[in-house]
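Below is one structure; the comments refer to it alone.
The values are calculated or read from the model by the stated rules, or taken from the named source; none is laboratory data. Note that this is a predicted model, so its numbers are computed, not measured. Virtual Cβ from ideal backbone geometry, glycine too; neighbours counted across all protein chains shown. Surface accessibility is based on the protein's heavy atoms, side chains included, excluding ligands, DNA and RNA. Shrake-Rupley method; radii C 1.70, N 1.55, O 1.52, S 1.80 Å.
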Amino acid sequence: MLYAVAVFAPLFGSVIAGLFGKAIGDRAAQAVTVLCMILASVCGVSAFIQLEYQGVPAGVISLGTWIESGTFHVAWALHYDALSAAMVAMVTCVATLIHIYSIGYMVHDENHTIWRFFSYLSLFTFAMLMLVTADNLLQLFFGWEGVGLASYLLIGYWYYRPAAGAAAMKAFIVNRVGDLGFALGIALVFVTFGSIEFGTVFGTVAQHMDATYHVLGHEWRAYEVIGVLLFIGAMGKSAQLGLHVWLPDAMEGPTPVSALIHAATMVTAGVFLMARFSPVLDFAPGALSMVTFVGASTALFAATVGCTQNDIKRVIAYSTCSQLGYMFVAAGVGAYQASIFHLLTHAFFKALLFLTAGSVIHAMSDEQDMRKMGGIWKLIPFTYAMMWVGNLALGGIPPFAGYYSKDAIIEAAWASHTSVGHYGFWCTIIAAFLTAFYSWRLIIMTFHGAPRADAHTMAHVHESPKVMTGPLLLLAIGAVVLGFAFHEQVLGADWQAFWGQAIQINPNNHVLHDMEEIPGWVAMLPLIMGLGGIGLAYVFYMLAPGIPASLAATFPFVYRFLLNKWYFDELYGWLFVRPAMAIGRALWQTGDATIIDGVPNGLASLTAGGSSRVVKIQSGSIAVYAFAMLIGLVLLVSIFLLFLR
């Protein structure tokens, strides 16, 4: 019962606010959605505690039949195990704090439809909860598409801004590319297993080990093809290299949207999918190698780009992209437990960073460019302290949460003893250095040095209200304690007692065991790199602030390459957008205007012109009629004499 309430309470709040928001007003809409979220978080945490610490068994909560056609049967059901319960507890808690924070952040909303914003937030939360509690792939796909729809609505909430509308459309289209792969993966799962229900699929993995699928002229193991297709879907939702281009543009939405989408929910859906399908993926080494390679490349790529961005939210957005790459590296080397552990800790410290950035933007009269900030740490000391907590967790500095979860991923990559795993290790090591560098670059540019904003803006810098700072404090507590509180349970020798059957791995998968035997330098290197990145940022932006500009002038190509995000947008514009626009323009001007509209319109014009001339014969003159009859008679006689005699 608690579990079901946790899932459906946000839907109730969304419906009330969405349908009756105009009638009951913004305050009432905020109250009902926030109260429903508080109820959901209490129930979600209680359900997690009951499962892990009070002996309540895992199982499936059936809600009814959805589809029943021949052998194809799909039920509405809530999957209740350690993975789903942990995700529900995390999503509801973080989403509740974001709802509360939004009350203060959106108070001066220029759109004047706050009830609609809160309805969208709760709808998004419900869709994510349906995704993580799904008992079959179709229900998971329902939640998957639900978060896509809600993200489109939230990113484009300020729809009258062209940039927001374009960002929402971009996110929607790019995600559809990945979703095509996911849909094909679901179809192949059904073809292979005869079902898409998790219990049936995971219970018969051993029976289909030799199943093959013919694609691209070759026979491939079905598990490998399934793994690749599911990962393509995950690449779209989790913004992995190649399908990442929507993520930074999504910053056009309000800051609470950035925190909700890019911290706890939508972008982590792909990581969750990898962990949920661990019983199948662990027997698909080729697909896992692809996951590791793409994840490692994403972590490094996003970290390099984050070092040159100047929009405070975009820096944090690329940080999210990089951290998601870490999670996929862990999944790719078989350390699904470490992947989910980092997902859970990352949700708290990344939501903290986004909401702290929102507090800065709120204080700076909506300014987001870090080059126009500086000298404000004494004016907003609480926000400044919260930014430190978030960055210490992100940078992997002990005893903050990121130290335990991110370092576990790096160690797992080394312990995999594979070439692609070692590629992941070095990419994540370099990314750890760059992460610490751009994180402290953000702190120093935003809070330190001489003020670079105008006098009017500086005169209005102020700390955020308690309705905004309260959620920051609670998120900061999570960013501090979650790492050491759960590290041993999640990744220790007795990890199976925590995860149960939620994560099932190949008997030959010894990554967690081998992590205990790594060299000392491997364990220490992430912390050394993090501290080195912090030190370099301090030198560049505090002690010798002229160095960054000098380096940019010395290496202009490298600087422009990173500043323009490796030119992915320009490349996609040339490869896909321009040809698509050209084809669309040709179909419009030639196909639609000339052929479809032109030919019928031309025939209509010809008919109208001919009839306008023929009608002139009807003059009312008997002499004209007689002359016409005579001409007709002559023509008939001529035809008869020439052809019919």
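Observations on the model:
- Total residues in segment 457-505, condition among the aliphatic types (A, V, I, L, M), under 20 Å from Phe348 (Cβ atoms) and touching a residue at least 12 places away in the same chain (Cβ under 8 Å): 13
- For segment 524-574, a residue qualifies if it is hydrophobic (A, V, I, L, M, F, W, C), open to solvent by less than 40 Å² (accessible area, probe 1.4 Å) and without any contact (Cβ under 8 Å) to a residue 12 or more places away in the chain, and the qualifying residues are Ala544, Ala552.
- All helices (runs of 4 or more DSSP H) inside segment 402-518 with 2 or more residues being touching a Cys at 6+ places or on another chain (Cβ under 6 Å), at positive phi and buried (at least 20 other Cβ atoms within 10 Å of the Cβ): none
- The residues on offer are Ile528, Ile534, and the sole one that is β-branched (Val, Ile, Thr) and in contact with a helix residue (DSSP H, G or I) (Cβ under 8 Å, 6 or more places away or on another chain) is Ile534.
- Selection status of Trp144, at pLDDT 90 or above, within 20 Å of Val15 (Cα to Cα), among the aromatic types (Phe, Trp, Tyr) and over 22 Å from the mean Cα position of the chain (by Cα): no
- Residue check for Ser151: outside any helix (DSSP H, G or I) and either polar (S, T, N, Q) or in contact with a Phe, Trp or Tyr (Cβ under 6 Å, 6 or more places away or on another chain) (or both): no
- Residues that are over 30 Å from Leu78 (Cβ atoms), open to solvent by less than 10 Å² (accessible area, probe 1.4 Å) and in a helix (DSSP H, G or I) do not occur anywhere in segment 219-241.
Matching residues to (1) without any contact (Cβ under 8 Å) to a residue 40 or more places away in the chain; (2) part of a loop (DSSP other than H, G, I, E, B); (3) more than 12 Å from Ala275 (Cα to Cα):
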| position | (1), (2), (3) |
| --- | --- |
| Thr308 | no, yes, yes |
| Ile316 | no, no, yes |
| Ser319 | no, no, yes |
| Met327 | no, no, no |
| Ala330 | no, no, no |
| Ser339 | no, no, no |
| Thr345 | no, no, yes |
| Leu352 | no, no, yes |
| Ser359 | no, no, yes |
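- Test: residue in segment 69-89 that is buried (at least 18 other Cβ atoms within 10 Å of the Cβ), among the charged types (D, E, K, R) and farther than 24 Å from His346 by Cβ: no
- Count of residues meeting criterion [in a loop (DSSP other than H, G, I, E, B) and open to solvent by less than 60 Å² (accessible area, probe 1.4 Å)] in segment 193-216: 6
- Failed criterion for Lys378 (all others in (1) in a helix (DSSP H, G or I); (2) open to solvent by 20 Å² or more (accessible area, probe 1.4 Å) hold): (1)
- Filter result for Gln50 (surrounded by 20 or more Cβ atoms within 10 Å (Cβ to Cβ), part of a helix (DSSP H, G or I), more than 22 Å from the chain's Cα centre (by Cα) and touching a residue at least 24 places away in the same chain (Cβ under 8 Å)): no
- Cβ pairs under 9 Å, 6+ apart, first in segment 177-198 and at positive phi, second part of a helix (DSSP H, G or I) and open to solvent by 40 Å² or more (accessible area, probe 1.4 Å): Gly194/Thr200
- So Ala163, is it in contact (Cβ under 8 Å) with a residue 24 or more places away in the chain, touching a helix residue (DSSP H, G or I) at 6+ places or on another chain (Cβ under 6 Å), surrounded by 15 or more Cβ atoms within 10 Å (Cβ to Cβ) and part of a helix (DSSP H, G or I): no
- Of the candidates Gly500, Gly483, Gly478, the single residue that is touching an Asp or Glu at 6+ places or on another chain (Cβ under 9 Å) and within 30 Å of Val56 (Cα to Cα) is Gly500.
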